[in-house]
Amino acid sequence: RILIIGAAGQLGSELTLTLTQQYGSDHVIATDINPKALEKFDFCKTAVLDIMNQDAVRQLVKTENVKQIYHLAAVLSATGEKNPLFAWQLNMDSLLFVLELAKEFKMEKIYWPSSIAVFGPNTPKVNTPQYCVKEPNTVYGISKQAGERWCEYYFQKFGVDVRSLRYPGLIGYKSLPGGGTTDYAVDIYHKAIAGEHFVSFLREDSALPMMYMPDAIKATLDLMHAPREQVKIRSSYNLAAISFTPREIFESIKVHYPDFSISYEPDFRQAIADSWPDSIDDSSARADWGWKHDYDLKKMTADILANLPEYMVNF
Ligand code: VAH
């Protein structure tokens, strides 16, 4: 069975759906700490699970005969800065525990998301390479960088087949983000459809690497389905699709909503965004397991605006 930890999060909500479609509802168990958030998963098995309760996780792995874990639970960048030690503890202790379980139960595969947050202020900002200086200055970024080191260690030392992607900001209409610095790029669509003015918490010209959720899901499954020997990077793969600024995403929406308006009020999240790259070189992912993205900004905006209005009732 495939265990998804943090299934009700922004990425988990969509990945759980796709994994269930791919493997069948009796092969997926979606877990989250939030019981209410699990109610939407009426298509697969669910269980309330706090990843910090190690006995409960171990028990579930045994009773559900878990062979793969998608460990998606984490405190994201903006929230992490408000609770640094909690964010470090949850992000790190949970990963180490999952890696230990994978080793002990000889699991087939583990998936763990990293992020462009592993890059810091002195990382090359344009076409950031797979290998480069990484001095992240957010707790979230530090935890992702340390996590990548542990993933590579467990692969090299114990043969644990753990795989990872450095996601850019993820944008989707089927779930709400929580506590990220790139969340503005999801909220902006909701405001446009609601006919409201949008206040951006990032500067007009603040470019960030971003990706439409269908591309992120495709990359995750392409990586997880790749033959073991093709996955040459066991820390985490750079992954890219598009890069845009708040002004550019606003303009892409204004084409559809001519009356839509925006203003910019940068807050503490601007410093986080400034520490991250403007664009990413993902040639290793493209070379090793054939990655390529499908959605550019124009196509993403058209798809979200076509689907979000009727999907909003779920929020
Ligand atoms: C965040 N959405 O903003 C996450 C992601 C690259 C951004 O890691 O923290």
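Derivation of every value follows stated rules applied to the coordinates shown; laboratory data play no part. Worth saying up front: this structure is predicted, and the values here are computed from it rather than measured. Every residue, glycine among them, receives a Cβ derived from its backbone with ideal geometry; neighbour counts consider all protein chains shown.
At a 10 angstrom cut-off on C-beta neighbours, averaged per residue, how do the peptides 45-52, 172-179, 3-10, 256-263 rank from highest to lowest?
3-10, 172-179, 45-52, 256-263
Please report the base-10 log of the normalised intensity I(q)/I(0) for segment 63-107, using a Debye sum with one equal scatterer per alpha carbon and no solvent, at each q in 0.23, 0.28, 0.32, 0.33 (1/Å).
For segment 63-107, the Cα-only Debye profile gives -0.78, -0.95, -1.11, -1.15.
The chain: percent of C-alpha pairs farther apart than 33 Å?
Within the chain, distances greater than 33 Å cover 21 percent of Cα pairs.
Give the angle, between 0 and 90 degrees and rounded to the nearest 10, that separates the Cα long axis of helix 297-311 from the longest principal axis of the Cα atoms of the chain.
80 degrees
Can you give the charge dipole size of segment 207-278 about its Cα centre, rounded to the nearest 20 debye, using +1 on the beta carbon of Lys and Arg and -1 on the beta carbon of Asp and Glu?
In debye, rounded to 20, segment 207-278 gives about 400.
Under a 5 Å amide H to amide H cut-off, with H placed in plane at 1.01 Å, what residues pair with residue 128 once short-range neighbours are removed?
279, 280, 281
Positive end of the charge dipole of segment 167-284 (Lys, Arg +1 and Asp, Glu -1 on Cβ, about the Cα centre): tell me which of 250, 176, 192 has its Cα farthest that way.
About the Cα centre, the residue reaching furthest to the positive side is 176.
First measure r as the distance between the Cβ atoms of residue 96 and residue 42, then evaluate 1/(1 + (r/R0)^6) with R0 = 25 Å and state the FRET efficiency to the nearest 0.05.
FRET efficiency, residue 96 to residue 42: 0.15.
Calculate for the chain the 222 nm mean residue ellipticity that helices alone would give, adding -39,500 (n - 2.57) per DSSP H run of length 4 or more and normalising by residue count, nearest 500 deg cm²/dmol.
-13000 deg cm²/dmol
Return, ordered by residue number, the residues of segment 186-206 whose backbone nitrogen is under 15 Å from a label point located 7 Å along Cα→Cβ of residue 251.
Only 204-206 fall inside the zone, counting backbone N under 15 Å.
Could I have the simple spin-label model distance between residue 197 and residue 18, label points 7 Å from Cα toward Cβ, reported in nm to one decimal?
3.8 nm
How many nm is it between the label spots at residue 55 and residue 158, if each spot is 7 Å from the Cα in line with the beta carbon?
Calculated label separation equals 2.2 nm.
Once phi is turned into θ = phi - 60°, what whole-Hz ³J(HN,Hα) does the Karplus curve with 6.51, -1.76 and 1.60 give for every residue of segment 150-167, x standing for Gly and Pro?
5, 4, 5, 5, 5, 6, 5, 7, 10, x, 5, 8, 9, 10, 8, 10, 8, 5
With respect to the cross-link table entries 45/191; 125/232; 67/144; 45/292; 36/82; 134/174, which display a Cα-Cα separation exceeding 29 Å?
45/191; 45/292; 134/174, as the Cα separations exceed 29 Å there.
At 20 °C and 1.002 mPa s, grab the translational diffusion coefficient of segment 165-315 from Stokes-Einstein with a Kirkwood Rh over Cα pairs, rounded to a whole number in µm² per second.
Estimated diffusion coefficient is 132 µm²/s.
Taking the Cα centre of the chain as origin, work out the dipole magnitude from +1 charges on Lys and Arg Cβ and -1 charges on Asp and Glu Cβ, in debye rounded to 20.
That gives the chain a dipole magnitude of about 860 debye.
Using 16 Å as the cut-off for backbone N distance, which residues of segment 206-221 belong to the label zone defined by a point 7 Å from the Cα of residue 125 along Cα→Cβ?
Within reach of a label on residue 125: 206-210.
Name the residues whose placed amide hydrogens come within less than 5 Å of the amide hydrogen of residue 169, ignoring near sequence neighbours (fewer than 5 apart) on the same chain.
Those qualifying (amide H under 5 Å, at least 5 residues apart or on another chain) are 210, 211.
7 Å from Cα along Cα→Cβ at both residue 26 and residue 299: what's the point-to-point distance in nm?
3.8 nm
Using amide H atoms built 1.01 Å from N in the peptide plane, name the residues 5+ places from residue 237, or on other chains, whose amide H lies under 5 Å from its own.
The answer is 164, 165, 166.
HN-Hα J couplings of segment 137-144 from phi, Karplus 6.51/-1.76/1.60, θ = phi - 60°, integer Hz, Gly and Pro as x?
10, 10, 4, 4, x, 4, 5, 6
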